[in-house]
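Working notes, structure below.
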Amino acid sequence: MKSVLLIGMGKFGQTLGEKLINMGDEVMIVDKDEDVINTLAPKYTNALIANCMNADNLQAMDIPSFNVCVVAIGDDFQSSLEITSILKDLGAKWVVSRADTDIQRKFLFRVGADEVVYPNRDIAEKLAVKLNSENVYDYIEVDSQYSIFEIAVPAKWNGKTLVEANPRGKYGLNVLLIKKGRNIVPSPGPNYVFEDGDHILVFGNTEKIVAFTNKNN
């Protein structure tokens, strides 16, 4: 369980907040919109109506006490930039800030952000990958070259063992686990036999995995 300060309760902030709450985290939400805070307050550990551009307002929140501070503002980059900087000045342990462009990302890192997220870009990239392969069910980018994919097992693997299919040797795919409906087979052994309907989580080079899924549609 983590203690999270979440600043900016637009659509992105609200979605993130709900996920954090569901994972058991203690979340304090802050927004300058009184109606938004009054609506959301019952769901959260604490809620505050405040303009976080004011350093005194942030200082009163005991910033060092939070494990993570998230600046989720999406419609005012100047505010996001200044709040990120103030949080670090006040001793924030880890600041995650939202960006919509590479230029914003660079400036956020410059003023002290520990991590920068691109919700719009991430959604677009995931959709582009999924649209290019019918067999991709989910996708997480690890870095610029490597990713984790959830893909359907090719029909030609059905009835074969993991060692016979040899996904690592033939395609550079490292099988992390197998999903059988709602059941999970973690770290499957070499003698696991693939069945129709199996999904696999694989780690590897993004371009190679995309090429593999397109070839095996």
Task: Subset of the range 12-28 (residues that are touching a residue at least 24 places away in the same chain (Cβ under 8 Å) and among the charged types (D, E, K, R)) - done: Glu18, Asp25, Glu26
Task: Qualifying residue in the range 149-166 (condition: touching a Phe, Trp or Tyr at 6+ places or on another chain (Cβ under 6 Å) and closer than 23 Å to Leu16 by Cα) - done: yes
- [ ] Output the number of residues of the range 110-123 satisfying the condition of being part of a helix (DSSP H, G or I) and either under 18 Å from Gly10 (Cα atoms) or open to solvent by less than 60 Å² (accessible area, probe 1.4 Å) (or both).
- [x] 5
Task: Hits in the range 58-109 - residues which are more than 17 Å from Met9 (Cα to Cα) and within 19 Å of the chain's Cα centre (by Cα) - done: Asn67, Trp94, Thr101, Asp102, Gln104, Arg105, Leu108, Phe109
Task: strands (runs of 3 or more DSSP E) wholly inside the range 146-196 containing at least 2 residues that are open to solvent by less than 80 Å² (accessible area, probe 1.4 Å) and in contact with a helix residue (DSSP H, G or I) (Cβ under 7 Å, 6 or more places away or on another chain) - done: 146-152, 174-180
Open item on the list: Between a residue in the range 77-101 that is farther than 13 Å from Gln59 by Cα and any residue that is part of a strand (DSSP E or B) and open to solvent by 60 Å² or more (accessible area, probe 1.4 Å), which pairs come within a Cβ distance under 9 Å, given they are 6 or more apart or on different chains?
Closed with: Trp94/Glu115; Val95/Glu115; Val96/Glu115; Ser97/Glu115
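The values are calculated or read from the model by the stated rules, or taken from the named source; none is laboratory data. Just so it is clear, the model here is predicted, and its values are computed rather than measured. Neighbour counts run over all protein chains shown; Cβ positions are idealised from the backbone, glycine included. These accessible areas exclude ligands, DNA and RNA; they are computed on the full protein's heavy atoms, side chains included. Shrake-Rupley method; radii C 1.70, N 1.55, O 1.52, S 1.80 Å.
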